[in-house]
1. For the condition in a helix (DSSP H, G or I) and of a type in the set (D, E), what is the one hit in E195, E220, E237?
2. So which of L301, L256, L329 ends up being hydrophobic (A, V, I, L, M, F, W, C) and over 24 Å from L214 (Cα atoms)?
3. Could you check E220 against (1) farther than 17 Å from L146 by Cα; (2) at pLDDT below 90 and say which number it fails?
4. Please enumerate the residues belonging to the stretch 296-326 that are at pLDDT below 80 and open to solvent by 90 Å² or more (accessible area, probe 1.4 Å).
5. From the list K202, K208, which residue is within 18 Å of the chain's Cα centre (by Cα) and surrounded by fewer than 18 Cβ atoms within 10 Å (Cβ to Cβ)?
6. When the stretch 206-238 is examined, which residues are found to be under 19 Å from I302 (Cα atoms) and aromatic (F, W, Y)?
7. For residues that are in contact with a helix residue (DSSP H, G or I) (Cβ under 6 Å, 6 or more places away or on another chain) and among the hydrophobic types (A, V, I, L, M, F, W, C), scanning just the stretch 242-264, find the one that is modelled with the lowest pLDDT.
8. Please go through the stretch 219-249 and pick out each residue that is among the aliphatic types (A, V, I, L, M) and either under 16 Å from the mean Cα position of the chain (by Cα) or surrounded by fewer than 24 Cβ atoms within 10 Å (Cβ to Cβ) (or both).
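The values are calculated or read from the model by the stated rules, or taken from the named source; none is laboratory data. Model, not experiment: these values are computed from the prediction. We place every Cβ from the backbone using ideal geometry, glycine too, and count neighbours over all the protein chains shown. Accessible surface areas use protein heavy atoms only, side chains included; no ligands, DNA or RNA. Shrake-Rupley method; radii C 1.70, N 1.55, O 1.52, S 1.80 Å.
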Amino acid sequence: MTTKKPHASAGTKSPASSEESTASTAAKTAEKPPTGSVAGYVASASSKATKRAYASDVRHFIQHGGAIPATPAMVAEYLAKLAPAMKVATLERRCVSIAQAHRDQGLKSPTRADVVVATMKGIRRQHGTRQRAVKPITRDVLLEMLAVLDQQKSHPTKAARDRALLLVGFAGAFRRAELVALRVEDVTFHETHAEVLLRYSKTDQFGKGRSVFLPQASGERCPIQSLKAWLAVAGIETGWLFRSVTKGGVVSDDPLTAQSVALIVKRAAKAMGREPEEFSGHSLRAGYVTTAAMASLPTWLIREQTGHRSDAVLARYIRPVEKRKIPSLL
């Protein structure tokens, strides 16, 4: 049996595996302004993930001939050049990022100019705005993924983490960013369930928080038992819940990144003979909603688990399930 070190010592950092190597670099940020200052509060107005997305978009714009400040013609040319190969939603986000970069410097945004607005309108008309829908990881798909994980005898620590992550992600209908933000202190184990405190989420940027209940399941498909098994094998008692693991089985002090969740899902999909590009980190959350709809759970109960404020978004998952029940009139 290979001896596993719970986590790296205080003075050193363990090397992360390939799919998790961005964990530390993604977390690096500029020096924070003083707490309680105007600059500090302004800096907290947007999440770190949003700031990273803005910075990445602006870098891409500059790498393709743009500049800050930019002219309307410069932005329009950039959009037209990338339109054939890039999703409309991505181009729209790039416009938001470019506009924000100008506002940060007290400059007028070129994205509101007529030529840019007309260019985006033409792109939407020619290329459409339908977003790619990833396949949900329904209950049956999840169980198949878990069976594949059981065959990973050479990497037991990583397999234990992936099993817990997939089960908790599905049972809690978590977004990938919510999963990697969880800490041991956020989980309270009870006799028949576990209660998870979700401190922040996409729809709760101000930390109001809400509790998500993970019900107990039978056997090896139980998210609670799988989570306990992962914590035990990793030697984790405090801090980040899901962490990077090296090929040698060493558990890092660093949390997984949101991208790592997607890569874990894709790797499991590939191992079971599915096309990895058909799935993403969001497939776990989508899979819970789809499976719940197939089981005829009322929408209010599904929303209790997912945190959706209305049935409008849930309808994207529930309507396809309901359509399958339409009988033939012939």
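1. Only one candidate passes the filter, namely E220.
2. Numbers: L301 fails: over 24 Å from L214 (Cα atoms); L256 fails: over 24 Å from L214 (Cα atoms).
It is L329.
3. Tallying (1) farther than 17 Å from L146 by Cα; (2) at pLDDT below 90, E220 fails exactly one: (1).
4. Answer for the stretch 296-326, where residues must be at pLDDT below 80 and open to solvent by 90 Å² or more (accessible area, probe 1.4 Å): R316, R319, K323, R324, K325, I326.
5. Numbers: K208 fails: within 18 Å of the chain's Cα centre (by Cα).
The unique qualifying residue is K202.
6. Hit for the stretch 206-238 is F213, nothing else.
7. Going through the qualifying residues, I end up with A258.
8. Those that are among the aliphatic types (A, V, I, L, M) and either under 16 Å from the mean Cα position of the chain (by Cα) or surrounded by fewer than 24 Cβ atoms within 10 Å (Cβ to Cβ) (or both): I224, A229, L231, A232, V233, I236, L241.
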